[in-house]
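Where a number appears in this text, it was derived from the coordinates with a stated rule and is not lab data. Just so you know, these numbers come straight off a predicted model, no measurement behind them. Virtual Cβ from ideal backbone geometry, glycine too; neighbours counted across all protein chains shown.
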């Protein structure tokens, strides 16, 4: 009888240990997002989700890569020592959040301008405001080092953001592994 | 509406669209103590599903919802 009891106690102890290990491993309330797109509508959606997630009590990490990278350029800053390709990419890609276009109905910029004025009228925050708010709320931004290099962007031409770092795919995957939600935008 | 419930803080979020009401309320609730009540006014119809979702996720409690004249009033008790 007492051996049975001891066995049960042992089993309970083992289960307790497993439970503790499980809850420690349990994904934190975290959202990891890849921002691949450089379209105004998509990036805006990314920031709306990001700021909303912070409001819901989540940690948020955003990874900017490829076409998303130029969204974080500062229109008032210049990159130094660019080669010809870098200069060309720099001139052809939008210089910062104020220069990105809609994915649809851009109509040579007319559609984007119309959407922006409509957003203002309806009190919808602009992309620049959303980025600023994300910074205040503690949204962590990582920028893909390879995209920076490929497009010839320099760190000194990026926006001043409270928590921005440069990384590769492993950093994203590490964050994604411990996130309840992962999005690719 | 607050005859019987003591309100400790009022937030006017009228005219603000998504995601602002929820973002601001999540900031505002941190300015009151646990057990105190926040009253939020919004004109965003989406708030009717957003506020309860936010409250459930953040562990706070909506103790009253009232609609009228295009304005939705929430009484939220800070629990977490």
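If packing is taken as the average number of other Cβ atoms within 10 Å across a peptide's residues, how do A:7-16, B:67-76, A:63-72 rank, most packed first? Each step should come with its number before you reach the end.
Details: A:7-16: 10.0, B:67-76: 15.2, A:63-72: 23.0.
Order by mean packing, descending: A:63-72, B:67-76, A:7-16.
Could you work out how much longer the chain between residue A:163 and residue A:121 gets when fully extended? Use 0.36 nm per residue separation minus the Cα distance between them, nm to one decimal. Before the final figure, lay out the partial values.
Numbers: separation 42, 0.36 × 42 = 15.12 nm, distance 3.09 nm.
Length gained between residue A:163 and residue A:121: 12.0 nm.
Run the numbers for residue A:155 and residue A:114: contour at 0.36 nm per residue of separation, minus the present Cα-Cα distance, in nm. Could the numbers behind the result be given before it?
Details: separation 41, 0.36 × 41 = 14.76 nm, distance 3.20 nm.
Full extension of this stretch gives 11.6 nm more.
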Does anything in the range B:52-80 have its amide N under 18 Å from the 7 Å Cα→Cβ label point of residue B:30, and if so which residues?
-> B:54-61, B:77-80
Could you work out how far apart the two model spin labels at residue A:170 and residue A:19 are, taking each label as a point 7 Å from the Cα in the direction of the beta carbon, and quote it in nm?
-> 3.7 nm
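Take every DSSP beta bridge whose two residues both sit in the protein assembly as shown, then give the antiparallel share in percent to the nearest 5.
Values: 14 of 38 bridges.
Once the DSSP bridges in the protein assembly as shown are tallied, antiparallel ones form about 35 percent.
Highest first, please rank the peptides A:78-91, A:152-165, B:11-24, A:126-139 by the mean number of other Cβ atoms sitting within 10 Å of their residues.
Packing order, densest peptide first, comes out as B:11-24, A:126-139, A:152-165, A:78-91.
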Take every Cα-Cα pair in the range A:27-184 and report what % of them are more than 24 Å apart.
-> 33 percent
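Please give the average number of partner chain Cβ atoms lying within 10 Å of the Cβ of each residue in A:118-128, rounded to a whole number. Walk me through the numbers before you get to the answer.
Numbers: counts 0, 1, 0, 0, 2, 7, 5, 6, 0, 0, 0.
Counting Cβ atoms of other protein chains within 10 Å of each residue's Cβ and averaging gives 2.
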Counting only Cα, what are the radius of gyration and maximum Cα-Cα distance Dmax of the range A:3-92, in Å?
-> 24.2, 80
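Summarise the long-distance tail of P(r) for the range A:81-168 by giving the % of C-alpha pairs beyond 21 Å. Before the final figure, lay out each step's value.
Details: 1721 of 3828 pairs.
Tail of P(r) above 21 Å: 45 percent of Cα pairs.
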By its C-alpha gyration tensor, with a ≥ b ≥ c as the square roots of the eigenvalues, how is the range A:46-92 shaped: rounded for a/c under 1.5, else prolate for a/b larger than b/c, else oblate?
-> prolate
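Using only atoms on other chains, find how many Cβ atoms lie within 10 Å of each Cβ of peptide A:48-54 and report the average.
Values: counts 5, 1, 1, 6, 9, 3, 5.
That average works out to 4.
According to the Kirkwood expression over distinct Cα-Cα pairs, how big is the hydrodynamic radius of the protein assembly as shown, in Å?
On the way: mean 1/r = 0.0473 Å⁻¹.
After inverting the pairwise mean of 1/r, the radius is 21.2 Å.
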Quick one: Debye curve from the alpha-carbon atoms of the range A:140-185 only, equal weights, vacuum; give me log10 I(q)/I(0) at q = 0.16, 0.32 Å⁻¹ to two decimals.
-> -0.51, -1.21
If all Cα-Cα distances of the range B:9-77 are sorted into 10 Å bins from 0 onward, what percent lands in each bin, rounded to whole numbers?
-> 22, 63, 15, 0
